[in-house]
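Working notes for the structure below.
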Amino acid sequence: MASQSQVLVEVKSSVRILTLNRPKQLNALCFNMISRLLQLFLAYEKDPSVKLVILKGQGRAFCAGGDVPPVVNNIVQGKWRLGADFFRDQYTLNYVMATYSKPQVSILNGIVMGAGAGVSIHGRFRIATENTVFAMPETALGLFPDVGASYFLSRLPGYFGEYVGLTGARLDGAEMLACGLATHFVLSSSLDALEADLCKVGTSDPSFVSTILDAYTHHPYLKQKSAYYRLDVIDRCFSRRTVEEIISALEREATQEPDDWILTTIRALKKSSPSSLKISLRSIREGRLQGVGQCLIREYRMVCHVMKGDLSKDLVEGCRAILIDKDRNPKWKPKRLEDMKDNMVDQYFERVEEEERWEDLKLSPRNNLRASKIAAKL
Amino acid sequence: MSENVELRRAHIIANHILRSPPPSSNPSLTPEVCFQYSPPELNESYGFEVKEMRKLLDGHNLEERDWLYGLMMQSNLFNPKQRGGQIFVSPDYNQTMEQQRQISMKRILYLLEKGVFQGWLTETGPEAELKKFALYEVCGIYDYSLSAKLGVHFLLWGNAVKFFGTKRHHEKWLKYTEDYVVNGCFAMTELGHGTNVRGIETVTTYDPTTEEFVINTPCESAQKYWIGEAANHANHAIVISQLSMNGTNQGIHVFIAQIRDHDGNTCPNVRIADCGHKIGLNGVDNGRIWFDNLRIPRENLLNSVADVLADGKYVSSIKDPDQRFGAFLAPLTSGRVTIASSAIYSAKLGLAVAIRYSLSRRAFSVAANGPEVLLLDYPSHQRRLLPLLAKTYAMSFAVNDLKMIYVKRTPETNKAIHVVSSGFKAVLTWHNMRTLQECREAVGGQGLKTENRVGHLKGEYDVQTTFEGDNNVLMQLVSKALFAEYVSCKKRNKPFKGLGLEHMNSPRPVLPTQLTSSTLRCSQFQKSVFCLRERDLLERFTSEVAELQGRGESREFLFLLNHQLSEDLSKAFTEKAILQTVLDAEAKLPPGSVKDVLGLVRSMYALISLEEDPSLLRYGHLSRDNVGDVRKEVSKLCGELRPHALALVASFGIPDAFLSPIAFNWVEANAWSSL
């Protein structure tokens, strides 16, 4: 079966090493992989002989996102409900990971984007390396940062999460560690040794895992031009109540002291889908006040509205422009931020009415309701 | 079996004495001794859409509220603390008074920088006012000192400039106020005169030679007292004073005086002292002020109602000093509105914490050796908390309604706003104090810890019962207004209109003698009882007063004499007004689970109000059997509301971080490993 080879399983005493294995597609998560991961994670939780789960990727990516083109195909053919099944299973997997009773160690040695963040950041330990490239690029695709991103982005220091979620800015391993998206930084040359050491763990007590990881931890320097050094500007601008106000705050900063970083940030916002930006900001803001389960339930409603396309078809257009035609020139509708009214934004957060047998995402109660500590160092 | 229990108890006692773990040789004992925290969400399900209910309760500006909650959570100024694996934000009340005052000011400046107060004075219209109310309410959920300081600056100082001042004042002060270029306070209360504003003793005269007013504190009882922000931060003050023109007292007038320079030094001819440490609200710098021939420019008289011309001629658009006084006090209604609404948010906070705790804390077993029982599964615990929950819901609708009338006010609605806001302010703040006390007891010893908020809030909110009008005086004001309305309608032989008295035009309702469960829950019946009670008390009150007035006694004296009836009447009026707002809200809802649950809540509100009021029995509206049936129904409703308890408090929309550790995993929050 394809899903068997797409997720490789290694059994090392009480540790299970899962490898995402679709290197040509940069390990983009397809429906089969999600189902397989969900099945494995649930089985390992019940199995007392399993103490620790390691998740990593084959090749130069950990996971570059969800496998969106088939979903867009479904939408175009009028079968968005098939896409809804994809997201339902994916978000359920995110929830299981966020509330997992055993430690999950994700080795992020390469690209981590969108869905890739969803299967790693919720876990207890996230290892970044010098090869890590992280981003939540959804607003440029006509989507919004989902997979529980409204939970973990909103818990980053200050308004860094709004910045990362709205602009799709790329972070390297050092930046991930600084903001708390990663819990450890290990040089890729030490990964094999680290893995071997982790396989000796005979307990699910995270403090033991922590001790092992600490021994391999490297202290990276933030690059000089890191956005993390701009946290003051980010806090001043991205704390504003609306997307319009965020952009005008950035423009004010730019007139006072023009620099590449601010201009790039403004450009990224202006290129993104207006409807995506607005629902993303609202989602992160609500997420800050909600538990991870509530976040995923809300995101499921939102993604269903996005696929249904009653208010905007930006997802299809974004995928056309970025993934299919690759002209990088999406024609967003609504075109301008001011055309995306509050009451239109509101609708993304309502239940999907007038849709037969549509149901809210149902997450079964779990004992370990407390999601792992994002940005635990704060 | 019983031996097992005894053994366990013996171990626990031994453990207390020896401070050593119980012997592990008997493994069967260990799991029973250990209490595992289980989140209420695991066992309780939501029977209705919580988000929809929250929309009804918060009423408006949900997105702005969430934005502000987030602003506070993202800043270290708001003292985030990790407890039991979660972040909580709450002020450090163990700081000294001075530190608390300074940090309150820093928090305000942080929120200012984020644009929270944008438009609070410079924008007008219902939308802007509602947004301001929403953000103000959220500040109060974090810390009442924070909102009290904002209230002084924006609602007292700012609104005084806005409402009493004219264009020249607006242009000069409003934007500066909004940007905190000036920091204002409101000097009205004096040591000798509080709620009785008319009696204040500060005197201002006019000097036409220099075109200045001269303000004086003639005696110690005239010192300004409790003036928020005066002790440290304010540099300008609204001064409420008698205006004496050529020996004629023109009554209360409103002036602007600078009290500190830009470096924070007290101005010449002004003396300021601290009010000292208080039982709560120590983040607010209350001070006392004396004026010694303080001279201010003529333009500093806020002249919307009356003015003094350069030559010293006094002019006023309102001839009658009494009416003039009334016009001066009108802006204080906005203070009452916000006090009433913040009281309800405080009650919500207390209930959310106490009810969540009662859904995870167990105590005592019903059967020997049986599992310990969840606190909220005890009918007595339900009876303590759930009626207060229902009242909080009802009052939530009431205060939303009041806010709506206020923001859409017209000269015609001013009287109604004045009366209704007085009654609501008194009843809602009393309700909050009672609720907090019950919640504090309901969580046991944990209620003593400041970090758990419920107990501490009592000190913080206690002031609400007396500031901006003593509750008892406000309630008398309500019955006096009803009296006046009654007499005027009867005299002119006109039907009742306004203040919700229209029911007096219809025949007196007749209550059924037998009260079944379905009768008791019927909204029509509930309304009839509340109307009947109000009508009867109003008639009794007016006839008592009228009868004695006929014998030559003064009306004021008779009001005092009949204070018992007056109290019953104002309470009946306010409770009926509250019930009406719930019925109105319910009527607007489409059929569904939210409406059904709200129906239960409304019945609980109505019936608990009846159960608690002896006047129904005293005046024979309900029989002894009737009140017995009401009581039974309250108990039944407790059982029916119990499954909704968690969802009902979740609908308050207060983020977890603003509740307290006992509302969540209090075992982990208190674990040795968390030290």
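The values are calculated or read from the model by the stated rules, or taken from the named source; none is laboratory data. Since the model is a prediction, treat every value here as computed from it, not as a measurement. So basically every Cβ, Gly included, is an ideal-geometry build from the backbone, and we count neighbours across all protein chains shown. What goes into the accessible areas is simple: the full protein's heavy atoms, side chains included, and nothing from ligands, DNA or RNA. Shrake-Rupley method; radii C 1.70, N 1.55, O 1.52, S 1.80 Å.
As a calculated quantity, the FRET efficiency between A:S207 and A:S35 at R0 = 25 Å, using C-beta atoms, amounts to about 0.15.
Computed over segment A:167-307, the convex hull of the alpha-carbon atoms projects to a mean area of 11.6 nm².
Comparing B:A343, B:L359, B:I289 along the charge dipole axis of segment B:277-410, the residue lying farthest to the positive side is B:L359, per the Cβ-charge model.
For chain B, the mean residue ellipticity at 222 nm estimated from helices alone is -16000 deg cm²/dmol, where every DSSP H run of n ≥ 4 contributes -39500 (n - 2.57) and the total is divided by all residues, rounded to the nearest 500.
Which of rounded, prolate, oblate describes the protein assembly as shown, given a ≥ b ≥ c as roots of the alpha-carbon gyration tensor eigenvalues and a/c under 1.5 marking rounded, otherwise prolate only if a/b is larger than b/c? Prolate is the answer for the protein assembly as shown, as a/c is 1.5 or above and a/b outweighs b/c. Residues in segment B:542-594 average 52 Å² of solvent-accessible surface per residue, probe 1.4 Å, ligands and nucleic acids excluded. A Cβ-based charge dipole, computed about the Cα centre of segment B:258-344 with Lys and Arg at +1 and Asp and Glu at -1, lands at about 180 debye. Model label sites at B:Y176 and B:D377, defined 7 Å from Cα along the beta-carbon direction, differ in position by 6.5 nm. Computed about its Cα centre, the charge dipole of chain A is approximately 360 debye, with only Lys, Arg, Asp and Glu carrying charge at their Cβ. Given in Å, the Rg to one decimal and the Dmax to the nearest whole number for the Cα atoms of segment A:1-114 are 14.4, 47. Computed over segment A:179-227, the range of Cα coordinates on each principal axis works out to 42, 22, 13 Å, biggest value leading.
Once the Cα-Cα distance is subtracted from the 0.36 nm per residue extended length, the B:T413 to B:D322 segment shows a gain of 30.9 nm. For chain B, the longest principal axis of the Cα atoms and the long axis of helix B:62-73 meet at an angle of about 80 degrees.
Across segment A:173-213, the residues whose backbone nitrogen lies under 14 Å from the label position 7 Å along the beta-carbon direction of A:T264 are A:173, A:175. Please report the accessible area of B:S673 (heavy atoms, 1.4 Å probe, ligands and nucleic acids excluded) in Å², nearest 10. The accessible area of B:S673 comes to roughly 110 Å². Normalised by the number of residues in chain B, the average gap of Cα pairs under 8 Å and 6 or more apart makes the relative contact order 17 percent. Taking Cα atoms only, the orientation of helix B:379-407 departs from the longest principal axis of chain B by about 30 degrees.
Modelled label positions at A:E10 and A:S101, each set 7 Å beyond Cα in the direction of Cβ, lie 2.7 nm from each other. Taken over segment B:496-568, the alpha-carbon convex hull comes to 121 cubic angstrom per residue. The equivalent ellipsoid that matches the C-alpha gyration tensor of segment B:187-330 spans semi-axes of 26, 18, 13 angstrom, in descending order. Calculated on the Cα set of segment A:253-294, radius of gyration then Dmax: 14.3, 42 Å. Residues in segment B:198-213 carry Karplus couplings, in order, of 4, x, 4, 10, 4, 10, 10, 10, 10, 10, x, 5, 10, 6, 10, 8 Hz; the curve used is 6.51 cos²θ - 1.76 cosθ + 1.60 with θ = phi - 60°, and Gly or Pro positions show x. Taking a ≥ b ≥ c as the square roots of the Cα gyration tensor eigenvalues, with a/c under 1.5 meaning rounded and otherwise prolate when a/b beats b/c, else oblate, which class fits segment B:157-219? Since a/c reaches 1.5 but b/c is at least a/b, the shape of segment B:157-219 is classed as oblate.
Amide H contacts of A:F185 (H built 1.01 Å from N, in plane; Pro and chain starts excluded): A:A128, A:H218 sit under 5 Å, all sequence-distant by 5 or more or on other chains.
When the alpha carbon gyration tensor of segment B:45-185 is reduced to an equivalent ellipsoid, the three semi-axes, largest first, read 29, 22, 11 Å. Shape analysis of segment B:74-128 based on the Cα gyration tensor places the equivalent ellipsoid semi-axes at 28, 16, 9 Å, largest first.
Across segment B:589-602, rounded Karplus estimates of 3J(HN,Hα) from the backbone phi angles (6.51 cos²θ - 1.76 cosθ + 1.60, θ = phi - 60°) give 7, x, x, x, 5, 4, 5, 4, 5, 5, x, 4, 4, 5 Hz, Gly and Pro being marked x. Inter-chain Cβ neighbour count for A:282-291, averaged per residue, equals 5 (cutoff 10 Å, partner chain atoms only). Figure legend: label point modelled 7 angstrom from the Cα of A:D339 along Cα→Cβ; residues of segment A:264-301 with amide N under 19 Å from it are A:269-280.
The calculated P(r) of segment B:495-627, using every Cα pair and 10 Å bins from 0, goes 11, 38, 33, 14, 4, 1 in percent.
Label-to-label distance for A:K79 and B:Q102 is 6.7 nm, based on points extended 7 Å past Cα in the beta-carbon direction. Among B:L448, B:L62, the order of accessible area from largest down is B:L448, B:L62, computed with a 1.4 Å probe on protein heavy atoms. Keeping all protein chains in the complex and leaving out DNA, RNA and ligands, what accessible area do you get for A:K270 with a 1.4 Å probe, in Å² to the nearest 10? Only protein atoms counted, so the area is about 120 Å². For segment B:587-665, compute Rh as the Kirkwood radius over C-alpha pairs and then the Stokes-Einstein diffusion coefficient at 20 °C and 1.002 mPa s; write the answer in µm²/s, rounded to an integer. So the translational diffusion coefficient is about 143 µm²/s. Once the chain from B:V667 to B:K313 is taken as fully extended at 0.36 nm per residue, the excess over their C-alpha distance is 120.2 nm.
Taking 20 °C and 1.002 mPa s as conditions, segment A:16-59 diffuses translationally at an estimated 191 µm²/s according to Stokes-Einstein applied to its Kirkwood radius (Cα pairs). Cα centroid separation, segment B:441-484 to segment B:365-388: 28 Å. When only alpha carbons of chain A are considered, Rg and Dmax amount to 19.9, 61 Å.
Temperature 20 °C, viscosity 1.002 mPa s: under these conditions the Stokes-Einstein estimate for segment A:239-346, based on its Kirkwood radius over C-alpha pairs, is 141 µm² per second.
Computed from the C-beta positions of B:L62 and B:D207 and an R0 of 51 Å, the FRET efficiency is 0.45 to the nearest 0.05. Near A:K12, the amide H atoms lying under 5 Å from its own belong to A:I17; only residues 5 or more places off or on other chains count, and H is placed 1.01 Å from N. Charge dipole of segment B:432-527 (Cα centre as origin; +1 on each Lys and Arg Cβ, -1 on each Asp and Glu Cβ, all else neutral): 680 debye, rounded to the nearest 20.
The phi torsions of segment A:110-123, fed into the Karplus equation with coefficients 6.51, -1.76 and 1.60 and a -60° offset, translate into couplings of x, 6, 10, 9, x, 4, x, 5, x, 8, 10, 4, 6, x Hz, rounded to whole numbers, with Gly and Pro shown as x. Helix A:206-216 and the longest principal axis of the C-alpha atoms of chain A enclose an angle of approximately 90°.
Label zone (B:D625, point 7 Å along Cα-to-C-beta; backbone nitrogen cut-off 17 Å) within segment B:505-522: B:511-520. Averaging over all projection directions, the Cα-based convex hull of chain B occupies 34.6 nm² in the image plane.
Could you compute the FRET efficiency for A:E355 and B:S304, with r as their C-beta to C-beta distance and R0 at 45 Å, rounded to 0.05?
Numbers: r = 57 Å, r/R0 = 1.26.
Here the calculated transfer efficiency is 0.20.
The length gained on full extension between B:E502 and B:K81, counted as 0.36 nm times the residue separation minus their Cα-Cα distance, comes to 146.2 nm.
Toward the positive end of the charge dipole of chain B, with +1 on the Cβ of Lys and Arg and -1 on the Cβ of Asp and Glu, the farthest Cα among B:G653, B:L616, B:L243 is that of B:L616. Taking chymotrypsin sites (Phe, Trp or Tyr not before Pro) across segment A:215-258, the ones in a DSSP loop with at most 14 further Cβ atoms lying within 10 angstrom of their Cβ are A:Y221.
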